[in-house]
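Every number in this text was worked out from the coordinates using simple rules, so none of it is lab data. Nothing here was measured: the structure is a model prediction, and the numbers come from that model. We place every Cβ from the backbone using ideal geometry, glycine too, and count neighbours over all the protein chains shown.
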């Protein structure tokens with residue numbers, strides 16, 4: 001009986017940009033900001049491009065709106081990621097160990113800080129802290145599986 005096999009490997013593209021400020025904490029924070037900010041900006045451009053294609057037209061107003069949205073989304077998500085990465089790194093340095101608890105604490109602190117900056121009430125801040133900690137912890141556990 002004839003058979004066939006496929007053999008190969010699949011790897012994600014890798015782009016590394018290093019900015020050395022001389023401070024590991026700042027380096028980690030900037031790295032998180034740049035990576036996630038770029039992803040968010042790219043997502044915003046892809047979404048607006050899809051909408052423009054569906055409408056069948058591109059105008060100067062649409063292009064300006066897309067650029068503003070790209071910058072806003074990139075800055076927001078980059079800032080949240082930078083805060084998280086900085087928090088997790090700071091917790092790691094304070095605790096002197098590298099484990100999932102750093103992600104949980106960093107995620108909770110980030111969730112609370114971002115929520116408090118948005119002038120949310122106390123209950124919402126606590127909920128966002130719990131959500132941030134849960135998402136960060138789940139992310140670490142999922143990385144262990146792969």
Item to check | Kirkwood Rh in Å, taken over all unlike Cα pairs in the chain | outcome: 17.9
Next on the checklist: From Cα pairs below 8 angstrom and at least 6 apart in sequence, can you work out the relative contact order of the stretch 99-146, rounded to a whole percent?
Outcome noted: 49
Checklist outcome for this item: Correct semi-axes for the stretch 99-146, from √(5λ) of the alpha-carbon gyration tensor and rounded to whole Å with the largest first, are 23, 8, 7
Checklist outcome for this item: Residues 89, 76 in order from fewest to most other beta-carbon atoms within 10 Å are 76, 89
Item to check | Length-normalised contact order for the stretch 14-133 - Cα pairs under 8 Å, 6+ apart - percent | outcome: 25
Next on the checklist: Just want the ordering: 55, 43, from fewest to most Cβ atoms lying within 10 Å of their own Cβ.
Outcome noted: 55, 43
Next on the checklist: Give me 135, 105 sorted ascending by neighbouring Cβ count inside 10 Å, so fewest comes first.
Outcome noted: 135, 105
